[in-house]
Structures are given as structure tokens and as C-alpha cells.
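Right, one structure below, let's go through it.
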Amino acid sequence: MKKTLLSFLILFNTFDLAFGREFEAVVRNRLNFASINQVNLEDLVSDKSFDGVHFKIVKGKSNEAVSFEADEELVLKAATTYHHLTIARNYFINQIQSNFVSSIPKMIIRIDHINQFSELGHFANDNLSPQFNNALTIPGGKGLASRGVIPWETEIWFRPSKKVHLSELNTNNLGSVQVKSVLREFRNQTHMQTFQRFLAQSVNIFINGTDPSRIFSVDQVVRTAGSSVLMEFGYQFIDPISQLTSRKWYMLETALVPEIIYHEYAHAALSDHLVLSHSSAIIEGMADFFAGQIAKSPKLAKHIKKYNTFNGKNAKKKQDYMIQFEMGEYANTDFVFGLLWELKSIIGKEKGEAFMYELRKSLTTNSSIRGELTEGILKTCEKVCDSPFIDKLNILKALNFRGI
Ligand SMILES: [Zn+2]
């Protein structure tokens, strides 16, 4: 009893002392281009560093919050992640009314963090293939007392960007050296793979010539966060903030892309059911769905529709979903994302979000598209849809059209 009262008082005090402060952050303007604007960061508890009631932004393996006096680029990344994580958290609490999200303890957010994740040690050894151009959400861990590794909660990690000139990518038969075209090729030719696997098969990466120590694997340099549709959208509109980014360079500063920040937070918000043990088409597609909702961008919605090539007008050839695609490696995030997006319009815009949030309860990280996802969608409709009988018929029609 005493303990509860004490923690209540501590919590009360923390909120009581929290305040807002203006910072520059990357936001989307009306045309969806990235621009740097003044934003108000809510719920800070330190007047010196990016330490708040719900998020603490640190650099790399550090446990100290990034100082307001740090170098300009680091401050921009810290403010941008803090700002968009707050938007994402508020969305799940206010719009979705998620009790789970309200209960998530303060999260540590790591920016410019290159270490790989280790389930036992939290961080893998420093010189074990450093990571760039991507982001990930890691599950909490018990730590390893004998090695001095203390327990940790769910964290989000943003990797620093690394420039790769596309002429340095050996793009074999792609015949194209523009990032946009590479993404498009992916969708036109090999729908049923993850973008990363597609690149691994068609691209070898050499940086600074053929010095073996400078050869990076695709995993280290080009890794997607979510579907190629969402990624291309983020990529397309990032030019104005980074003069370095041209059509012939690949780099992704994930801590400065709002949609990627939303995607990562969605993983944390859904992790009460979709545990973060490994990435699958379903958990990526679900995270992208919510990233798309939080971004609330009509332009993004249009983009998703246009490039959802499984049945869209832009599809060069009709590709149905086939059971063999599901043998693990071939399940495709873009497919799930496009499907969920379409279902929202069947169920109704308002109900759609609640539906997808409820849907997570019928899924696990190991669910298959043809099995649990399909069953889960129909089961969720029983609970959530306004007219389950008619809605289920329409859902079945849509699934059937996609070859499921
Ligand atoms: Zn993801």
C-alpha cells in the first residue's frame, strides 16, 4: 500500500514538473515535402536534454539523454524522433483508446546507433557488422547479471545513414540506377519477396572499390523499414532536407522520416500481441497500416492505392497470391499492407482503425496470411463490423480477388 502511494506520488510529481519547449524538427508540409519547422515538445522533464515523461532520446549505447547543446544534426534527430513519437503515442491513446499503450513505461530511444541487437547482451559486439540506413524496435530483455548487462524494456533504434552511390551497386539485370526505379522494379517483377531479399539477389554492394574490408552486405547498408510502398513515399519526399540525397544516391536517415518513426512506434504499440521476436510480413504490414493512419496524408493514401499493384491499375501483370509464396521467405509486406488498407474502405473509415487494432488479438508473429490472417479478419468482423453478414461477404470477395 505504502509503495503504491509512493509510486503514485512520484508519477504525479513527474507529470507535475513536465513542461514543453520549442525545437526545430522535420515535419511534412502541406505538399508532403519534408521541411524544418518549430514544434513544441511536450512532457519534457529535463531543461538540459531530451528526457521526457514517456521518452528518453539517447545516442548509441549511452544511457544519458542527448543534450540540447549537442551538435545541430544530433539535436535535429532527437527533436524529430521525440516529436513524432509523441504524435504516435497520442494517436494510440486518444484515437484507438489503447490501455496497453497507456501502460508502456518510459521508452529509451537510441539514435545514431550502429550495434546489432543481441537477445542476451542487449547490444552485440561493436565490431560485429555495424548497421546503417534502417530502424528497428527491440523487445525487452532480462539482461545477464553475470556479465553486468542490466534488464531493458522495449526500445526503438534508429541507425545513422550511410551514403551509397547507386553506381557502386552492382545492379545486375535491373538496368537502372535510380532508387525510385529500383523500388518500382521490385514491385513489377518480384512481388512476392521482401524488398531486402530482392536486393540481396540482384545487387552486390561495393563501397570504395574492391577493398574487401570496404565491402558491405545488403543487410548492412540497404534495409527496409516496412513495405516498399511506405519507404518509397518517405524517400521521395525527403530530398529538401538532405541536399546529399539525389536520385543516384541511396541513404536513409530514418530518425528524420516521420512515417518510419510512426512505423516503429506502431510495432511497440502492437507488441502486447505481436511480439517483437522477428520480422514477418504480417507484423510489418500491420505496423505500416498504423503508420499510414497516423501520417493522415491524402497523398500517402493515393500513393498506397496507386502502387498497391496486386490489383491496381498500374499492375503490369495480375499476380494472385499463391500458397507457395507463404513458405516464410516469400510472404510480402506490401501485400499485407495493401490488403489491410483496402479492407478499411470495406469496413468503413471510422470502424477500420478499431478493426485493425482488434485484429492483432487474432494474430501472432508466426501467423500466415492464408491461415490466421484470413480467419482473424473474419472473426474480427463478427465482433466489430456494423453489418457482419454483408461486410464478411465483401471481405471474402476482396480476398478472393487477391487470390486468397
Ligand atoms: Zn518494421
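The values are calculated or read from the model by the stated rules, or taken from the named source; none is laboratory data. These figures come from a predicted structure and were not determined experimentally. FYI the Cβ positions are ideal-geometry reconstructions off the backbone, even for glycines, and counts take in every protein chain you see. We work out accessible area using only protein heavy atoms, side chains counted, and drop any ligands, DNA or RNA first. Shrake-Rupley method; radii C 1.70, N 1.55, O 1.52, S 1.80 Å.
Among the listed residues His273, His263, which satisfies the condition of being under 21 Å from Glu153 (Cβ atoms), modelled with pLDDT of 75 or more and more than 13 Å from the ligand (Cβ to nearest atom)? Just one listed residue meets the conditions, His273. If only residues of segment 349-394 that are out of contact with any helix residue (DSSP H, G or I) (no Cβ under 8 Å at 6 or more places or on another chain) and of a type in the set (S, T, N, Q) are counted, the one that is surrounded by the fewest Cβ atoms within 10 Å (Cβ to Cβ) is Ser387.
Each row is one residue, and each column tells you yes or no for (1) among the aliphatic types (A, V, I, L, M); (2) modelled with pLDDT under 55; (3) over 22 Å from Arg159 (Cβ atoms).
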position	(1), (2), (3)
Gln236	no, no, no
Leu252	yes, no, no
Phe290	no, no, no
Lys299	no, no, yes
Ile304	yes, no, yes
Asn308	no, no, yes
Lys317	no, yes, yes
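Restricting to segment 125-140, what's the tally of residues that are free of Cβ contacts under 8 Å to residues at least 40 places away in the same chain and within 24 Å of Phe55 (Cβ to Cβ)?
Residues in segment 125-140 being free of Cβ contacts under 8 Å to residues at least 40 places away in the same chain and within 24 Å of Phe55 (Cβ to Cβ): 1 in total.
If the condition is being under 18 Å from the mean Cα position of the chain (by Cα) and open to solvent by 60 Å² or more (accessible area, probe 1.4 Å), then segment 118-135 contributes no residue at all. Listed by first and then second residue, the pairs with beta-carbon distance under 7 Å, at least 6 apart or on different chains, first residue in segment 279-302 and assigned to a helix (DSSP H, G or I), second among the basic types (Lys, Arg), are Met286/Arg360.
For segment 395-404, how many residues meet the condition of being out of contact with any helix residue (DSSP H, G or I) (no Cβ under 7 Å at 6 or more places or on another chain) and part of a loop (DSSP other than H, G, I, E, B)?
Going through segment 395-404, the residues out of contact with any helix residue (DSSP H, G or I) (no Cβ under 7 Å at 6 or more places or on another chain) turn out to be 396-397, 400-401, 403.
Then drop every residue that is not part of a loop (DSSP other than H, G, I, E, B), which leaves 403.
Residues in segment 395-404 being out of contact with any helix residue (DSSP H, G or I) (no Cβ under 7 Å at 6 or more places or on another chain) and part of a loop (DSSP other than H, G, I, E, B): 1 in total.
Within segment 136-155, restricting attention to residues that are within 16 Å of the ligand (Cβ to nearest atom) and hydroxyl-bearing (Ser, Thr, Tyr), the residue that is surrounded by the fewest Cβ atoms within 10 Å (Cβ to Cβ) is Thr154. Given the criteria at pLDDT 95 or above, out of contact with any Gly (no Cβ under 7 Å at 6 or more places or on another chain) and open to solvent by 20 Å² or more (accessible area, probe 1.4 Å), does Asp51 qualify? When the stated conditions are applied, Asp51 passes them. Look at (1) within 16 Å of the ligand (Cβ to nearest atom); (2) surrounded by fewer than 16 Cβ atoms within 10 Å (Cβ to Cβ) and you find that Phe158 fails only one, number (2). Only one entry in Ile138, Ile150 is under 15 Å from the mean Cα position of the chain (by Cα) and at pLDDT 90 or above, namely Ile138. Quick check on my filter: what residues within segment 260-308 are within 12 Å of the chain's Cα centre (by Cα) and among the charged types (D, E, K, R)? Within segment 260-308, Glu264, Glu284, Asp288 qualify.
Among the candidates Ile96, Ile87, single out the residue that is open to solvent by 20 Å² or more (accessible area, probe 1.4 Å), out of contact with any Asp or Glu (no Cβ under 9 Å at 6 or more places or on another chain) and of a type in the set (A, V, I, L, M). Reasoning before the result, please.
Working: Ile96 fails: out of contact with any Asp or Glu (no Cβ under 9 Å at 6 or more places or on another chain).
Criteria check complete, one pass: Ile87.
All conditions in (1) at pLDDT 90 or above; (2) over 30 Å from Lys56 (Cα atoms); (3) within 16 Å of the ligand (Cβ to nearest atom) hold for Phe335, with the sole exception of (1).
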